[in-house]
Amino acid sequence: MSTVTFQAGANIKIDEDECVGCRKCVEVCPEDVYELERRPGETDPDREYKSVAIASEKCILCLSCLEICGKNAIYIEGKQ
Amino acid sequence: MAGPLLKEQLVSVKHDWKDLSGKLVEKLELKHEPVGVYLVPSVHSERYEKFFESISRPSGKLTYCQAVETVRGSTNYSGLSNFPDALRLEAEDFLCSAGAANLGLYDLPDAIKNGERDFLLRRFYSIEASMVTRDKIPHFEPGSVSSVVVFKLSKAPVDPHIILIFGLPAQILSLEGPYVMRNGGRIQADLLGTCGLCAEMTVSPILNRRMNISTLCGGARAHAFKDPTEMGVGIPAQEFPNLVEDLLNRQNIPKRQDLPKELQ
């Protein structure tokens, strides 16, 4: 039996216009793929932060982020 | 010792799946026809894969439920220009690692296997509860399956292992009685609302050798099955012809002379 090993890593895109920096993806990701980053010059307190995929090579394709994102801002391999 | 299957054994289709599918769709007025699933075993996979090489693989990653949704003709997630009637998925084609692992293509990533992922997403009370729950999700041995072929049942290129039927609760209800008519008994559902299409509708009916009912799962509903009124059943394909026959027979009103003599 030839066992195929799972290969971590994915192409992750975040729609900056949709992301409100709610931090849900940061909290739910077991591999710490996401981090919040301050939007420079943003004056709206509800849009002060945005999520950034800082370690997409660690993504294990569990899709928790897609499931929890209330704004449908995250795309993995172009899909939601 | 059993050797590789002959090509004739692989390709000989034993049932008229198009006819059976059409009868079921017509009788239950299903919106979409059933989907057949064939799991290519890793043992002698090269022989099987030659047979399935004409079936397209998706042009990008997609989840198992998206593949099923695609071949049944609802939404095309395959990245191919036309709606494919069949898709062949290898390990690297899967967008959802849990689905691929449940289906036996590889082992679960550690953070899912040890319960951490579900603990964080589902808010389990403890990581132990999360781990036990994950461990109980029906799954095949890692590496036991080399690829998965999903297809419209009416276009079955081979006898499927499992047939997936989707419908409204009332349509699924119509299958329950006919399913137990032949041998009697009850239907015991093996479900949790996690890994609905892969574990509950595909793996569980194979491991338990009986039809299983699923309310699908959060992932399937988020990524593919957007109609919240739909649910599904997975049935071992060898039971499907009898199910259709019994469903159609049910409309015949029983006659007193059909009863055993002592009850007439």
Checklist outcome for this item: From the option list B:256, B:250, B:221, single residue qualifying as within 18 Å of residue B:32 (Cα to Cα) and at pLDDT below 95 is B:221
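For residue B:69, are the conditions met, namely being under 30 Å from residue B:168 (Cβ atoms) and more than 10 Å from chain A (Cβ to nearest Cβ)?
Taking the combined requirement at face value, the residue satisfies it.
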Checklist entry - Mind checking whether some residue in the range B:52-60 is modelled with pLDDT of 95 or more and under 22 Å from residue B:168 (Cα atoms)? => result no
Next on the checklist: Please return the ranges of helices (runs of 4 or more DSSP H) entirely within the range B:81-141 where 2 or more residues are at the interface with another protein chain (Cβ under 9 Å from one of its Cβ atoms).
Outcome noted: B:97-102, B:110-113, B:116-122
Checklist outcome for this item: If we keep only residues of the range A:42-80 that are of a type in the set (D, E, K, R) and not in a helix (DSSP H, G or I), then the residue nearest to the other protein chains (Cβ to nearest Cβ) is A:77
Checklist outcome for this item: Exactly one of B:56, B:78 is in contact (Cβ under 8 Å) with a residue 12 or more places away in the chain, under 23 Å from residue A:11 (Cβ atoms) and within 12 Å of chain A (Cβ to nearest Cβ), and that one is B:78
Checklist entry - Inside the range B:145-185, can you point out the residues that are part of a helix (DSSP H, G or I) and in contact with a Gly (Cβ under 7 Å, 6 or more places away or on another chain)? => result B:153, B:154
Checklist entry - What number goes with the only condition from (1) over 18 Å from residue B:118 (Cα atoms); (2) of a type in the set (A, V, I, L, M, F, W, C); (3) in contact with a Phe, Trp or Tyr (Cβ under 9 Å, 6 or more places away or on another chain) that residue A:60 does not pass? => result (1)
Checklist entry - Which residue, of B:164, B:173, B:192, B:243, is under 18 Å from residue B:29 (Cβ atoms) and surrounded by fewer than 19 Cβ atoms within 10 Å (Cβ to Cβ)? => result B:173
Next on the checklist: Suppose we filter the range B:210-264 for residues that are within 14 Å of chain A (Cβ to nearest Cβ) and part of a loop (DSSP other than H, G, I, E, B); how many remain?
Outcome noted: 5
Item to check | The one condition in (1) within 29 Å of residue B:77 (Cβ to Cβ); (2) more than 14 Å from every other protein chain (Cβ to nearest Cβ); (3) within 17 Å of the chain's Cα centre (by Cα) that residue B:176 fails to fulfil | outcome: (1)
Next on the checklist: If I ask for residues that are under 14 Å from residue B:33 (Cα atoms) and either among the hydrophobic types (A, V, I, L, M, F, W, C) or out of contact with any Ser or Thr (no Cβ under 9 Å at 6 or more places or on another chain) (or both), which ones from the range B:163-178 would you list?
Outcome noted: B:163, B:164, B:165, B:166, B:168, B:171, B:172
Checklist entry - If residue B:84 satisfies every condition in (1) at pLDDT below 95; (2) closer than 23 Å to residue B:18 by Cβ but one, which is the exception? => result (1)
Checklist entry - Being within 11 Å of another protein chain (Cβ to nearest Cβ) and out of contact with any Leu (no Cβ under 9 Å at 6 or more places or on another chain), is that true of even one residue in the range A:10-18? => result yes
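The values are calculated or read from the model by the stated rules, or taken from the named source; none is laboratory data. Just so it is clear, the structure is predicted and the values come from calculations on it, not from any experiment. Don't worry about glycine lacking a Cβ; one is built from the backbone with ideal geometry, like all the others, and counts go over all protein chains shown.
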